[in-house]
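Just so it is clear, none of the values below were taken in a lab; they were calculated from the coordinates. In this text the structure is predicted, and so the values were computed from the model without any measurement. Here the Cβ is made from the backbone with ideal geometry for all residues, glycine too, and neighbour counts use every protein chain on show.
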Amino acid sequence: MITELLGIPNLGTGNILRKEVESQTDLGKQVEGYLTRGEYVPDALILEMVRGWLVEQADGWLLDGFPRTLAQAEALEDLNGVEAPTLAIALDVGREEIEKRMMGRRECEDCGNTVTVKDEKFLDCPHCGGALRKRSDDVLESFKVRFANYEELTLPLFDYYEAKGNLLRVNGSFLPDAVFQSIKNHLDKG
Ligand code: AMP
């Protein structure tokens, strides 16, 4: 929704990593264990991947799932040929709700769209009709590691971007349209 509004491209680091694992590329083989366990992939590998994409974007970008550590955020400030980020958007959602969404999360095999299903009955992708599947790391064990890492390594980024004056915190516990509207209201202001 944000990329459509602004007409900019989007890179989701997790999406790219999952594709690399699926295709069993060199990078995919290196990161597979981290993804399965729910651990963060080492900064150096992530940075190389993101840098390669960013230098090709001339008219702005949206990153999803990056930066996730202070080292990544600091590196993003001075990548050669890449402008520093203008806004960091944090979606605040309580742990219980995140866990519920994770358990019901399905990804479309064709268009990559993510939806939440309320029960196990098979549903097609509402966007393209493709088959939906569960992410292999969307299991409780992996989730617990991801959440612990988030609290330890990612939460400090709130203070980092707050101090820079470019943090937008949004209540993410509503439905997607409402969350998008809060973000859009902020972007419309300027
Ligand atoms: P996501 O799709 O954003 O939930 O990411 C899935 C997995 O990819 C994470 O659990 C990490 O193993 C890895 N990953 C994605 N983005 C990053 C990042 N910026 N830094 C480290 N690991 C990442």
**Request:** Per residue of the range 4-20, in order, report the coupling 6.51 cos²θ - 1.76 cosθ + 1.60 (Karplus, θ = phi - 60°) as ³J(HN,Hα) in whole Hz, putting x for Gly and Pro.
**Result:** 5, 4, 9, x, 10, x, 10, 10, x, 4, x, 4, 5, 4, 4, 5, 5
**Request:** Could you calculate the contour length gain from residue 79 to residue 1, that is, 0.36 nm times the residue separation minus the distance between their Cα atoms, to one decimal place in nm?
**Result:** 25.4 nm
**Message:** Could you give the length gained by full extension between residue 174 and residue 113, i.e. 0.36 nm per residue of separation minus their alpha carbon distance, to one decimal place?
**Reply:** 20.1 nm
**Request:** Pull up the cross-link candidates among the lysines for residue 19, meaning alpha carbon to alpha carbon under 16 Å and not fewer than 8 places away within one chain.
**Result:** 29, 134
**Item:** Mean ellipticity per residue at 222 nm, deg cm²/dmol - from DSSP H runs of n ≥ 4 across the chain, formula -39500 (n - 2.57)
**Value:** -14000 deg cm²/dmol
**Asked** Magnitude of the Cβ-charge dipole of the chain, K/R +1 and D/E -1, about the Cα centre, nearest 20 debye?
**Response** 500 debye
**Item:** Charge tally in the Cβ shell below 14 Å around residue 149, where Lys, Arg are +1 and Asp, Glu are -1, residue 149 excluded
**Value:** -1
**Asked** How large is ³J(HN,Hα), in whole Hz, for each residue of the range 27-37 in order, when computed from phi with the Karplus curve 6.51 cos²θ - 1.76 cosθ + 1.60 and θ = phi - 60°, using x for Gly and Pro?
**Response** 4, x, 5, 5, 9, 3, x, 4, 5, 4, 7
**Message:** Loop by DSSP (not H, G, I, E, B), at most 14 other beta-carbon atoms within 10 Å: where is the longest site-free stretch of the chain for chymotrypsin sites (Phe, Trp or Tyr not before Pro)?
**Reply:** 1-121
**Net charge over other residues, Cβ less than 15 angstrom from the Cβ of residue 76 (K, R count +1; D, E count -1)** = -4
**Asked** Looking at the square roots a ≥ b ≥ c of the eigenvalues of the Cα gyration tensor of the range 126-190, which shape do they give, rounded for a/c under 1.5, prolate if a/b is larger than b/c, or oblate?
**Response** oblate
**Message:** Relative contact order for the chain: what percent, with Cα pairs under 8 Å and sequence separation of 6 or more?
**Reply:** 24 percent
**Fill in**
Of all trypsin sites (Lys or Arg not before Pro) in the range 103-167, the ones in DSSP coil with at most 15 other Cβ atoms within 10 Å are 118, 121, 134, 135
**Fill in**
Classified through the alpha carbon gyration tensor (a ≥ b ≥ c as square roots of its eigenvalues; rounded if a/c is under 1.5, else prolate when a/b is larger than b/c, else oblate), the chain comes out rounded
**Asked** Between rounded, prolate and oblate, where does the range 1-55 land on the alpha carbon gyration tensor, with a ≥ b ≥ c its root eigenvalues, rounded for a/c under 1.5, else prolate if a/b exceeds b/c?
**Response** prolate
